[in-house]
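Reviewing the structure listed below.
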Amino acid sequence: MTTIATARVETETGKAGWRNWSLPLGVLSYLQALPLIVILGFFFLLPILMIAVVSFWDYDFAGIYPALLSTNYTDSLGSWVTWKTYLNTIKFMLIVWALTLFIGFWVAYYLAFYIRKPTTQMILFLICTVPFLTSNIIRMISWIPVLGRNGLINSSLIKMGIIPQPIEWLLYSDFAVILAMVHLYTLFMVTPIFNTLMRIDRSLFEAARDAGANGWQILWNVVIPLAKPGIAIGTIFVVTLVMADFSTVQVMSGGQSASVALMMKNQMSLLQYPAAAANAVVLLILVLLMVAAILRVVDIRKEL
């Protein structure tokens with residue numbers, strides 16, 4: 001197929017005229033997509049390519065040097081500390097994903113099916129987003145006066161006589177890291193699930209009840225299967241955010257825990273850019289494999 005492009009030209013007699021140019025439809029489509037390709041290539045693909053190139057360079061305390069070495073990968077992947085850090089990051093990801101999925105699904109379920117008025121639904125949904133009007137750092141640090149040794153929880157429990165002394169593991173621990181991440185990322189699970197649940201035809205529930213299904217059977221056999229695209233999108237959000245989070249781990253663990261992103265941050269602080277780039281490439285591949293696995297299980301194209 002071809003398309004006709006019209007251009008204004010000057011004829012031999014000096015008079016202005018019009019000439020039709022025939023362009024293949026495929027070429028025209030690529031020309032229309034060219035600005036987007038340039039933007040994505042410059043701001044997305046080029047930085048990733050640069051990180052991949054730098055990951056093969058050499059470095060010392062004085063600087064980095066162009067080379068083609070695999071030592072950054074062998075040194076990183078050959079260390080048990082690195083493997084332990086990756087496993088710790090995956091542990092955080094799995095726990096935070098499970099908690100955000102449980103909380104996010106029931107919040108979205110309540111908003112979608114128990115709140116009848118659309119106006120009330122939107123008001124309650126906006127109330128859920130109010131904390132996100134502030135910085136992640138501020139919302140994360142706000143847990144310190146609550147969880148601290150002399151914080152709200154410990155002080156209240158001691159005054160009520162429930163505990164004789166403050167609970168130490170509430171702050172600067174894995175518990176604090178997970179709690180802060182769940183607080184930060186639950187909305188990223190609520191939003192896509194809520195959007196999916198709102199698209200479910202309510203007549204399906206009536207049909208299931210007419211067939212003798214109870215509430216839990218409707219939930220398991222109707223709601224959850226139809227909510228899978230929203231769950232998959234929320235899972236992709238939460239997984240990528242947790243795997244790339246270093247500030248929450250650094251602040252809420254008090255330096256007692258580690259993650260891959262925090263390890264890369266420390267390497268960059270020591271000017272070990274090629275080593276950090278190698279870990280970034282490995283982390284990117286790991287996250288892409290997780291996303292690919294999710295997309296093979298659930299087709300999210302209907303939600304896009």
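Worth pointing out:
- Residue in region 280-290 that is among the β-branched types (Val, Ile, Thr), over 19 Å from residue 110 (Cα atoms) and assigned to a loop (DSSP other than H, G, I, E, B) present: no
- Checking each residue in region 133-172 for being modelled with pLDDT of 85 or more, farther than 22 Å from residue 258 by Cα and part of a helix (DSSP H, G or I) picks out 145, 146, 152, 153, 154, 155, 156, 157, 158, 159.
- Pairs, first under 12 Å from residue 181 (Cβ atoms) and assigned to a helix (DSSP H, G or I) in region 80-95, second open to solvent by less than 10 Å² (accessible area, probe 1.4 Å) and among the basic types (Lys, Arg), C-beta under 8 Å, six or more apart: none
- Taken over region 188-218, the criterion of being open to solvent by less than 50 Å² (accessible area, probe 1.4 Å) and at pLDDT below 90 is satisfied by 200, 205, 208, 213, 218.
- Some residue of region 112-131 being within 30 Å of residue 264 (Cα to Cα) and open to solvent by less than 90 Å² (accessible area, probe 1.4 Å): yes
- Taking the numbered list (1) assigned to a loop (DSSP other than H, G, I, E, B); (2) modelled with pLDDT under 90 in turn, residue 41 passes all entries but (1).
- Among residues of region 271-296 that are under 17 Å from residue 48 (Cα atoms), those with a beta-carbon under 8 Å from a residue that is among the acidic types (Asp, Glu) and open to solvent by 30 Å² or more (accessible area, probe 1.4 Å) at least six positions away or on a different chain give the pairs 274/58; 275/75.
- Residue check for residue 99: of a type in the set (A, V, I, L, M, F, W, C), outside any helix (DSSP H, G or I) and open to solvent by 50 Å² or more (accessible area, probe 1.4 Å): no
- Residue that is surrounded by fewer than 20 Cβ atoms within 10 Å (Cβ to Cβ), modelled with pLDDT under 90 and not aromatic (Phe, Trp, Tyr), where the choices are 300, 294: 300
The values are calculated or read from the model by the stated rules, or taken from the named source; none is laboratory data. It should be emphasised that the depicted structure is a prediction, and the values quoted were computed from it without experimental measurement. Using ideal geometry, Cβ is built from the backbone for each residue, glycine included, and neighbour counts are taken over all protein chains shown. Quick note on the areas: whole protein, heavy atoms, side chains included, nothing else; ligands and nucleic acids left out. Shrake-Rupley method; radii C 1.70, N 1.55, O 1.52, S 1.80 Å.
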